[in-house]
Structures are given as structure tokens and as C-alpha cells.
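Take a look at the following structure, please.
No lab work stands behind these numbers, since they all come straight from the coordinates. The shown structure was predicted, so the numbers you read here are calculated from the model rather than taken from an experiment. Positions of Cβ are generated from backbone atoms using ideal geometry, with glycine treated the same way; all protein chains shown enter the neighbour counts.
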Amino acid sequence: MLRVTRVSTSHGALGVLEWGIDGPVVVLLHPNGFCAGLYEPVAELLRADARVIAIDLPGHGASTTPDDRADLDFEVMAARVLETLDALGVRSAAVAGGSLGGAVAILVDKLDPGRWTRAVLAEAVAFPTDGLTDEVGGGADGPRRDGNGMAEQARRRRAEFDDEAAMVASLSKRPPLSELAPEALTAYARWGTVTSAAGVRLACTPETEAAIFEVSAERGGAQAAWDHLPHLSCPATILAGRSSFLPDVFAEQARRASATIVLVDGGHFVLHEDSARGADLIRRHALAIDADAGSPNITYRDHRYA
């Protein structure tokens, strides 16, 4: 059974979706501009193995949009996640975080070492920002090279659609969103929109998404997550798409975190381009449950960096 709640924190409420059994817990954190519900297809495949908790980060999905831009700093968002987990009675869990969600997961570990038992960081926004300020990513459009191109593109995003089907039809033609599995894109339209006079509009506004891209390039963003990688208190796996549009920093992430790096055929949205593969990656590397190594959905190699 799917459980839908909102948890009050010291700075607004966060939306929470839960699936699965009373057992090991895995927390799922989403990329910038998306929502907890993006994980619905993957969570449905994991519900027999774990209690699956997906959280809307501030300004996304059913969560409150902060009035103060400082509340979009990655460490501040991590603090809100911790408050939410405390309210849910979750003192220990595995985590899988994509893009922005990966960076926030890293900083949850900084604030509360030992909260995570294992971490899967899928193209996490965690790298030095000098010279990379125009390539910090995770949202609906690929990077440009002039200024903070991700923020500029986010502000130009279409925010309203006639209905969810029209949104899916429109976004499925636009890379990199076209790389999402169809069921993931449908889940995003279901959980990442609110009703508007025109039909539906994005729950994460273009301005909020753009502000987070700007924070990504500042000290409280990707750099903060990068700085903590050598201090992670749990085993970690770095996931990267072989055709990602992000800078090629993932091998160095793995070295800094003494982690395994897993290279996956596909792009930036590693966990959402093939739902069965995404579930297998989380099952294997977050929950430490052996997946079927012969599955045609598994197209990656492991590389250990000491």
C-alpha cells in the first residue's frame, strides 16, 4: 500500500511517499526540478524487499517552497531531510540519491554520521565548482557554457500544460527528459504537478529550480558535497551514465569516497531510464541484496578505487 504524508519541519513541510514492508529502510532522494514520485516505478519493484521512503526536497512536489533562498543551500535541505526521518522514526537507513538528491544525501551524512548504512550516489552534484559553474546539472535541460546556463534554461521552462498527458507528450520529445523511462515520466507528471487554471503546472517552479542551480555553483552547493566525500561514514557506490552531460568527475568522486564506481549505459538519469535496472542497482548497492547478474537490464561494470 502506498502511504502519502506531509511532515512538518522547522522550515515548512516535506512531502513523503512510502511503499513496502516493515523491514530494512531505503530512502530515495530526487534530482532538482523533479519530485519523490519520480521514483514510483522503481519503488513498486522494491516494495517486497524494503520499506521504501521517497522524500520531496524543499520546493518540490508536495513540499513547502522556502521564502528564503538560503534555505535552498544543500546542507539546509539535508537538515530538513533529517528532521523528516526523525519524525518517521527512521534512525538508520540506506539511501539512493540522484543528482541534487545525491548531494543532499552526502550532506545528511555530514550532519549525522552513521544515519546511512550504505549510500548510492547517482550522478551526484558533488564536485569543485571552479570552472564548472555553468555545468552544474540535474534538471530538464542539458548544460550550456555561458554563465550559469542551467539556471537560465530552467527559468525558460514551460511551467503549465493542459493536463498530465499533454505534459508527458511535450517532455518526452525533449532530451534529456526523453531519456526517462515512459513510466517514470508519467509518474513525474502525476506527482510533480498541481492543478492550475490552465490545467496543471509544475510543483517545482522554474524559479525555484533555477535558484537551486545557482546555489549548486556556490559554496553551499556542489562544493560542500565534494568536500565531504572523503569523510563519508558509510560504504558508497557512485553511479554514472556513460553518455551523461555532466562533467566527468565520477571516478574522482569514487576515489575521494573510497567507493565503488558503476558505469551504466545511458545518460544522467541513471536510476530512471530503465526502472528494472534502477531497482536492481538500488537492491544490490544500497540494500546489499544480490540481483540477477544475468539480467538484460544490468549493463554496468564495477570498478573499485582504494
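Determine whether ALA225 is touching a His at 6+ places or on another chain (Cβ under 8 Å), assigned to a helix (DSSP H, G or I) and either under 21 Å from GLU160 (Cα atoms) or touching a residue at least 40 places away in the same chain (Cβ under 8 Å) (or both).
For ALA225, the condition - touching a His at 6+ places or on another chain (Cβ under 8 Å), assigned to a helix (DSSP H, G or I) and either under 21 Å from GLU160 (Cα atoms) or touching a residue at least 40 places away in the same chain (Cβ under 8 Å) (or both) - is not met.
Among the residues of region 70-93, is there at least one that is in contact (Cβ under 8 Å) with a residue 12 or more places away in the chain, assigned to a loop (DSSP other than H, G, I, E, B), crowded, with 19+ Cβ neighbours inside 10 Å and not charged (D, E, K, R)?
no
Further question: Which of the residues belonging to region 246-286 are among the hydroxyl-bearing types (Ser, Thr, Tyr) and under 12 Å from ALA124 (Cα atoms)?
Within region 246-286, no residue meets the criteria.
Are any residues in region 17-46 out of contact with any strand residue (DSSP E or B) (no Cβ under 7 Å at 6 or more places or on another chain) and of a type in the set (Phe, Trp, Tyr), and if so, which ones?
PHE34
Let's see how each residue does on (1) under 22 Å from ASN32 (Cβ atoms); (2) surrounded by 23 or more Cβ atoms within 10 Å (Cβ to Cβ):
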site: PHE245; (1), (2): yes, no
site: PHE250; (1), (2): yes, yes
site: GLY267; (1), (2): yes, no
site: ARG284; (1), (2): no, no
site: ILE289; (1), (2): no, no
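Right, next: Just one of (1) assigned to a strand (DSSP E or B); (2) free of Cβ contacts under 8 Å to residues at least 40 places away in the same chain; (3) more than 19 Å from ALA119 (Cβ to Cβ) trips up VAL16, so point out which.
The failed condition is (2).
Continuing with the same structure: Could you list, in sequence order, the residues of region 180-207 that are surrounded by 21 or more Cβ atoms within 10 Å (Cβ to Cβ), of a type outside the set (A, V, I, L, M, F, W, C) and part of a helix (DSSP H, G or I)?
TYR188
Only one of LEU45, LEU17, LEU2, LEU72 is among the aliphatic types (A, V, I, L, M) and under 27 Å from LEU229 (Cα atoms). Can you tell me which?
LEU72
Still on this structure: Please work out which residue is nearest to the chain's Cα centre (by Cα), limiting yourself to region 174-222 and to residues that are closer than 21 Å to HIS268 by Cα and free of Cβ contacts under 8 Å to residues at least 24 places away in the same chain.
Going through the qualifying residues, I end up with LEU185.
Is there a residue being part of a helix (DSSP H, G or I), touching a helix residue (DSSP H, G or I) at 6+ places or on another chain (Cβ under 6 Å), within 30 Å of ALA279 (Cβ to Cβ) and not small (Gly, Ala, Ser) anywhere in region 231-250?
no
To continue, here is another question. Would you mind stating whether GLY97 is crowded, with 24+ Cβ neighbours inside 10 Å, touching a strand residue (DSSP E or B) at 6+ places or on another chain (Cβ under 7 Å) and farther than 23 Å from ALA254 by Cα?
Taking the combined requirement at face value, the residue does not satisfy it.
Give me the pairs, please: first residue somewhere in region 33-48 and closer than 16 Å to ARG201 by Cα, second residue anywhere and of a type in the set (D, E, K, R) and assigned to a loop (DSSP other than H, G, I, E, B), beta-carbon distance under 6 Å, and either six or more positions apart or on two chains.
So the pair list comes out as CYS35/ASP56.
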